[in-house]
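Enquirer: Encoded as structure tokens, here's the structure I'll be asking about.
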Amino acid sequence: MNFLRKSYPLLRRSIVSKIPSHKPHSPSPPLFTRPIFNPNLHSTNKLFSIKRIPNPFSQRRRFYHSYEDEPEHWYHNFRAVLIVIVVSSGAILTIYFGRFETVPCTKRSHLILISPSFERFLGEDEFKELKKKFKDKILPANHPDSVRVSYIANRIIKALQRGLQHDKQLRSTSEVSSKATKKKVSVPQTNHLEGLNWEVLVVKDNSVNAFCLPGGKIVVYTGLLHHFKKNAEIATVLGHEVAHVTARHGAETITKNLWLAVIRIVFKLILLEFDMPDLVNEMSTFLLQLPFSRRMEIEADYIGLLLMASAGYDPHVAPRVYEKLGQINKDSALDDYTSTHPSSMRRVKMLSQAQVMERAVSVHKDAVAGHGVSGFL
Ligand SMILES: [Zn+2]
């Protein structure tokens with residue numbers, strides 16, 4: 001027993017000598033990681049084999065560090081999980097409902113998420129609401145302004161339908177030839193234009209404006225008629241509005257807005273600490289929404305030009321209409337960066353391009369000569 005009592009300090013020193021020197025960067029391990037009992041220390045048989053005693057500190061350090069250094073997985077981060085949910089929801093919707101369609105005339109390819117029938121339903125529903133809203137301001141069908149606008153609109157709609165009929169025949173021929181040559185031909189999307197119940201409303205309002213809702217619902221404000229007296233001028237505006245429906249710009253806007261919302265949510269989550277949701281909204285509008293909108297306007301100008309020409313209206317009038325609209329709205333070159341619509345200068349420049357105007361003039365000549373429409377899709 002006495003031997004054991006004397007040997008205890010020796011044993012302790014031996015153990016301590018095996019303990020590595022103090023490392024300032026190693027924090028002391030938490031209490032619950034410390035071994036409570038080491039049976040080797042109490043075994044006299046192990047007294048002279050002390051080298052084999054495992055170093056308690058190294059064990060503790062290893063245990064402690066493995067707790068501290070464990071890499072954090074992304075799914076432990078609530079924000080990262082939200083971002084993944086939002087992006088994958090957008091992707092699933094796009095994969096399930098989305099499809100690329102070809103715009104008539106321009107052959108541009110765009111992604112569309114909603115079906116033609118749903119798009120038509122949205123347009124018709126909004127038209128019903130507008131009828132309620134403008135109840136007392138809607139001019140009767142026999143009012144001279146209503147008669148005039150309906151006459152011009154009908155000519156444009158008939159031109160569109162003739163073009164569709166012509167291109168249907170052309171398409172079946174091209175499908176046959178593409179099958180023969182095994183070449184993939186992009187066919188413009190026109191199903192949404194079939195069987196539409198076109199309606200025209202003239203609303204007593206000083207706004208210089210007009211629009212066409214999906215489903216073929218045309219609304220014209222009398223303010224526009226006060227500024228544009230010639231039929232060809234009205235035809236320019238109506239051709240542009242009908243072109244928006246022809247190109248499914250409403251459905252394209254809904255699709256883009258869905259992804260814009262996804263991008264906004266993701267950026268807001270990433271920049272959460274900086275608390276600047278307004279900046280995210282403004283930047284995404286400036287960099288994404290407005291450029292898309294301006295591009296659709298330019299496309300509608302072009303398709304509208306061909307529509308008015310094939311309806312028998314002189315396409316040379318169109319650039320002057322956009323110039324005048326720019327003067328009325330007091331637009332500037334800045335609109336090419338900050339507005340939903342391009343500046344009148346840009347619109348005039350695009351329509352006055354030789355190949356654009358030449359095509360429109362050719363369509364117009366055919367229409368006036370009564371040769372029928374050569375197709376414009
Ligand atoms: Zn427009």
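Enquirer: Applying the selection to region 95-147, what residues are among the small types (Gly, Ala, Ser) and touching a residue at least 60 places away in the same chain (Cβ under 8 Å)?
Expert: Gly98, Ser109, Gly123 - these are the residues of region 95-147 that are among the small types (Gly, Ala, Ser) and touching a residue at least 60 places away in the same chain (Cβ under 8 Å).
Enquirer: Sticking with this one: Return the residues of region 282-328 that are basic (Lys, Arg) and more than 13 Å from the ligand (Cβ to nearest atom); say none if nothing qualifies.
Expert: Listed by number, the residues that qualify are Arg320, Lys324.
Enquirer: When residues of region 265-312 are filtered for being at pLDDT below 85, part of a helix (DSSP H, G or I) and among the charged types (D, E, K, R), how many remain?
Expert: The number of residues fulfilling the criteria is 4.
Enquirer: Here's something else I'd like to know. Tell me, which residue of region 208-264 that is of a type in the set (Lys, Arg) and assigned to a helix (DSSP H, G or I) is farthest from the ligand (Cβ to nearest atom)?
Expert: Checked region 208-264; the qualifying residue farthest from the ligand (Cβ to nearest atom) is Arg264.
Enquirer: Right, next: Taking the condition free of Cβ contacts under 8 Å to residues at least 12 places away in the same chain and either within 23 Å of Lys158 (Cβ to Cβ) or part of a helix (DSSP H, G or I) (or both), does His371 pass?
Expert: yes
Enquirer: Just checking, does region 267-285 include any residue being surrounded by 17 or more Cβ atoms within 10 Å (Cβ to Cβ) and within 20 Å of Cys212 (Cα to Cα)?
Expert: no
Enquirer: Condition first: of a type in the set (D, E, K, R), at pLDDT 95 or above and in the same structural domain as Ala235 (by TED's automatic domain parsing). Can you find one or more residues in region 163-179 that meet it?
Expert: No: region 163-179 contains no residue that is of a type in the set (D, E, K, R), at pLDDT 95 or above and in the same structural domain as Ala235 (by TED's automatic domain parsing).
Enquirer: Let me confirm something: among Ile114, Ile138, Ile95, which residue is of a type outside the set (Phe, Trp, Tyr), in the same structural domain as Leu260 (by TED's automatic domain parsing), touching a Ser or Thr at 6+ places or on another chain (Cβ under 8 Å) and more than 30 Å from Val356 (Cα to Cα)?
Expert: Just a single option satisfies the conditions, and that option is Ile114.
Enquirer: In addition: I'm trying to understand the selection: among the residues of region 86-122, which are closer than 20 Å to Ala261 by Cα, out of contact with any strand residue (DSSP E or B) (no Cβ under 9 Å at 6 or more places or on another chain) and in a helix (DSSP H, G or I)?
Expert: Val86, Val87, Ser88, Ser89, Gly90, Ala91, Ile92, Leu93, Ile95, Tyr96
Enquirer: For region 341-356, what are the residues that are more than 16 Å from the ligand (Cβ to nearest atom) and not basic (Lys, Arg)?
Expert: Met345, Ser352, Gln353, Ala354, Gln355, Val356
Enquirer: Shifting gears a bit: So, Ser332, is that one of a type in the set (Gly, Ala, Ser), in contact with a Ser or Thr (Cβ under 8 Å, 6 or more places away or on another chain) and either within 16 Å of the ligand (Cβ to nearest atom) or not assigned by TED's automatic domain parsing to the domain that holds Arg108 (or both) or not?
Expert: Here the answer is no, as Ser332 does not meet what is asked.
The values are calculated or read from the model by the stated rules, or taken from the named source; none is laboratory data. All values derive from a computational prediction rather than experimental measurement. Positions of Cβ are generated from backbone atoms using ideal geometry, with glycine treated the same way; all protein chains shown enter the neighbour counts.
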